[in-house]
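Enquirer: Sending over a structure as structure tokens; questions will come in a sec.
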Amino acid sequence: MTDLKSMTEAEVTDALRAMGEPAFRGKQVFTWLRRGVTSYDQMTNLPKALREKLAQAYPFTVPQVARKQVSARDGTIKYLWRLGDGNCIETVLMRYHHGNTVCISSQVGCRMGCAFCASTIAGKVRDLTPAEMLDQVLFTQMDSGLEVSNIVLMGIGEPLDNLDNVLRFLELVNHPDSLHIGMRHISLSTCGLVPGIRRLSELELQLTLSVSLHAPDSETRSKIMPVNRAYDVETLFAACHDYFQKTGRRISFEYAMIDGVNDHDWQADLIVKKLRGMPGHVNLIPLNEVEESPFKPSRRLAAFQKRLESQGVTATVRRSLGGDIDASCGQLRRKAMLEEQKGECSQ
């Protein structure tokens, strides 16, 4: 691995030892990289010769702000970051009474093909490295001046389609000499990649798993979420039940309310049936309209919520933040791509 920022402290130490340096230099470098330095020259307690060797052996890049939009309504901040290779990703900082939450991307683009999502329109370009995920948290915090207390992997990309890098990111962000954000303050959202859910079950991480359900029946779900053709609703819910039995952690089910598609009473009743024997929370999401999509926001959101709650299922409506700044996942990146007609963003 040549990406020093994606290495664990032990790996950084080994890399420094291989360069003839004492072990304590590894901890110094690892800590510096979590402070948002933009070059090795800022690592002032390292000898100049070592800084020069590191720059040659392990060059690193930092994300640049391509666009930044701040909501006049609620203070939500949306960043379009330009990465070292010119690709762009989105990060959203949301303010709540309990602290500040950052929503990060895990891939450049997405290949899952969900019909109502802007992130997937241009497909997947590549996976993000652990460092690129960590940098979203770190540099958002630094640029905004606001301390991040919670992380959601719910931006562009499917985290379980980049699971090895995501697991490394979780290890890095949780480290005491890094941002030290605990697993119970981290949520990971998946469209339903069952092998990844089962792997998380075995690891017994104490993060919050969010499953993008969006329909409780396979006929509907397959029409709007191609992943259902590989792992249908029955397979998905079996994995979710196993996840709860293994970890004891309640799953949050994300449900974008689409008019005339997934907002019928019988679908609410089917959700209740599927959740039986497993505590689950249904997060109803007012649909964000995407220009290229024919889907419209449901007019039955309140009735759907009431039907779930009347049968003992906890159902909440997601608070809409940043509606005036393209805060829905993928919208800002898509907008930049269309405006510049270059496939990726640039200035």
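Only the coordinates and a few stated rules stand behind these numbers; no lab work does. Computed from a predicted model, the values in this text were never measured in an experiment. Here Cβ is always computed from backbone atoms with ideal geometry, including for glycine, and neighbour counts include all displayed protein chains.
Enquirer: How long is the gain from residue 55 to residue 306 if the chain were fully straight, where each residue apart is worth 0.36 nm and the alpha carbon distance is subtracted?
Expert: Details: separation 251, 0.36 × 251 = 90.36 nm, distance 5.87 nm.
Full extension of this stretch gives 84.5 nm more.
Enquirer: Note down the nm distance, to one decimal, between modelled labels 7 Å out along Cα→Cβ at residue 250 and at residue 265.
Expert: Using points 7 Å along Cα→Cβ, the separation is 2.7 nm.
Enquirer: Still on this structure, I have one more. Which lysines, if any, have their Cα less than 22 Å from the Cα of residue 5, not counting same-chain residues under 8 positions apart?
Expert: 27, 48, 53
Enquirer: Turning to a different aspect of this structure: Output the peptides 64-72, 277-285 sorted from most to least packed, where packing is the average of other Cβ atoms within 10 Å over each peptide's residues. The partial results should precede the final answer.
Expert: On the way: 64-72: 15.6, 277-285: 17.3.
Packing order, densest peptide first, comes out as 277-285, 64-72.
Enquirer: Calculate how steeply helix 24-33 sits against the longest principal axis of the alpha-carbon atoms of the chain, using the helix alpha-carbon long axis, and give the answer as 0 to 90 degrees to the nearest 10.
Expert: 50
Enquirer: Relative to the longest principal axis of the C-alpha atoms of the chain, give the angle of the C-alpha long axis of helix 48-57, reported between 0 and 90° and rounded to the nearest 10°.
Expert: Here the helix axis deviates by roughly 50 degrees.
Enquirer: Could you tell me the extents of the range 4-57's C-alpha atoms along the three principal axes, largest first, rounded to whole Å?
Expert: Principal-axis extents of the Cα atoms in the range 4-57, largest first: 22, 21, 18 Å.
Enquirer: Which pairs break 27 Å Cα to Cα here: 124/273; 68/306; 78/124; 223/273? Walk me through the intermediate numbers first.
Expert: Values: 124/273 35 Å; 68/306 38 Å; 78/124 21 Å; 223/273 21 Å.
Going by Cα-Cα distance, 124/273; 68/306 fall outside the 27 Å limit.
Enquirer: Now for a separate question. Can you show me the helix-derived [θ] at 222 nm for the chain, built from DSSP H runs with n ≥ 4 at -39,500 (n - 2.57) apiece and divided by the number of residues, rounded to the nearest 500. Present the calculation step by step, with values, prior to reporting the outcome.
Expert: Working: 11 runs with 120 residues, N = 347.
Helix-only estimate at 222 nm: -10500 deg cm²/dmol.
Enquirer: Looking at 228, 100, 31, which one has the Cα that reaches farthest to the positive end of the dipole of the chain (charges on Cβ: Lys, Arg +1; Asp, Glu -1)?
Expert: About the Cα centre, the residue reaching furthest to the positive side is 100.
Enquirer: Just want the answer: with Cβ charges of +1 for Lys and Arg and -1 for Asp and Glu, which residue in 191, 278, 304 is farthest toward the dipole's positive end in the range 64-340?
Expert: In the range 64-340, that residue is 304.
Enquirer: Quick one: check the C-alpha center-to-center distance for the range 49-103 versus the range 109-133, whole angstrom.
Expert: 17
Enquirer: Dipole magnitude of the range 4-57 about its Cα centre, charges +1 at Lys/Arg Cβ and -1 at Asp/Glu Cβ only, in debye to the nearest 20? The partial results should precede the final answer.
Expert: Values: 9 positive and 6 negative charges, 28 e Å.
So the magnitude is around 140 debye.
Enquirer: Let me ask something else about it. With a point put 7 Å past each Cα toward its Cβ, work out how far residue 146 is from residue 222 in nm, to one decimal.
Expert: Label-label distance for residue 146 and residue 222, simple model: 4.3 nm.
Enquirer: Can I ask one more? Tell me the angle of helix 130-144 to the major Cα principal axis of the chain, expressed in degrees between 0 and 90 and rounded to the nearest ten.
Expert: Once rounded, the angle reads 90 degrees.
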